[in-house]
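The values are calculated or read from the model by the stated rules, or taken from the named source; none is laboratory data. Keep in mind that this is a model prediction, so the values were computed, not measured. Using ideal geometry, Cβ is built from the backbone for each residue, glycine included, and neighbour counts are taken over all protein chains shown. When the accessible area is computed, the model is the full protein with side chains, heavy atoms only, and any ligands, DNA or RNA have been set aside. Shrake-Rupley method; radii C 1.70, N 1.55, O 1.52, S 1.80 Å.
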Amino acid sequence: MTAKQLTATRLEKYKDVLLKEKDETQNIINDINEIQKRGSKDGNGDLSAYSQHQADLGSDTDESERRVYILEKELENIKKINSALKRIYEKTYGICEICGSSIPANRLKIIPYAKLCIKCREADEQRKRRRK
Ligand SMILES: [Zn+2]
């Protein structure tokens, strides 16, 4: 590995960002779980403020499907955030898992749980696209 480890101060900063992101993601998950629970209890008779507000986005069923979709996305994000936090504790955070080079700071700013550099990420996406 040629990449330099991030300094402890930098790692701390990224840890804060990730923990905040994890908090927000967890809140979204809790909210959706709460809405889903309420929805299934009250059945179709429920015209809550929420579904009325979202009425123009489609029927209740669409809404429910959309929520499940968001929920799955957020659960996946939590997993990514957790593994990024693990990399912070192991001090391998900010180092590409494939080629071992440093992930640019401006990339980590946009995607704090990125584990690949841009080059490897693009190669990975191309591989996935080909598989489809
Ligand atoms: Zn790489």
Inset, instruction - Taking only segment 1-31 into account, find how many residues are aliphatic (A, V, I, L, M) and either more than 19 Å from Lys109 (Cβ to Cβ) or in contact with a strand residue (DSSP E or B) (Cβ under 6 Å, 6 or more places away or on another chain) (or both). - result: 4
Inset, instruction - Six or more apart or on different chains, Cβ under 6 Å: which pairs go from a residue in segment 87-114 that's under 10 Å from Leu6 (Cβ atoms) and without any contact (Cβ under 8 Å) to a residue 40 or more places away in the chain to one that's near the ligand (Cβ under 9 Å from one of its atoms) and part of a loop (DSSP other than H, G, I, E, B)? Could you list them? - result: Ile103/Cys96; Ile103/Cys117
Legend entry - Every residue from segment 95-132 that is basic (Lys, Arg) and over 17 Å from Glu76 (Cβ atoms): Arg107, Lys109, Lys119, Arg127, Arg129, Arg130, Arg131, Lys132
Legend entry - Enumeration of residues in segment 82-103 that are away from the ligand (no atom under 11 Å from the Cβ), part of a loop (DSSP other than H, G, I, E, B) and surrounded by 12 or more Cβ atoms within 10 Å (Cβ to Cβ): Lys91, Thr92, Tyr93, Gly94
Inset, instruction - Might you check whether a residue that is in a loop (DSSP other than H, G, I, E, B), modelled with pLDDT under 55, open to solvent by 40 Å² or more (accessible area, probe 1.4 Å) and more than 22 Å from Gln26 (Cβ to Cβ) occurs anywhere in segment 47-70? - result: yes
Inset, instruction - With respect to Leu19, determine if the residue is in contact (Cβ under 8 Å) with a residue 60 or more places away in the chain and open to solvent by less than 40 Å² (accessible area, probe 1.4 Å). - result: no
Inset, instruction - Can you give me the number of residues within segment 106-132 that are part of a helix (DSSP H, G or I) and within 15 Å of the ligand (Cβ to nearest atom)? - result: 12
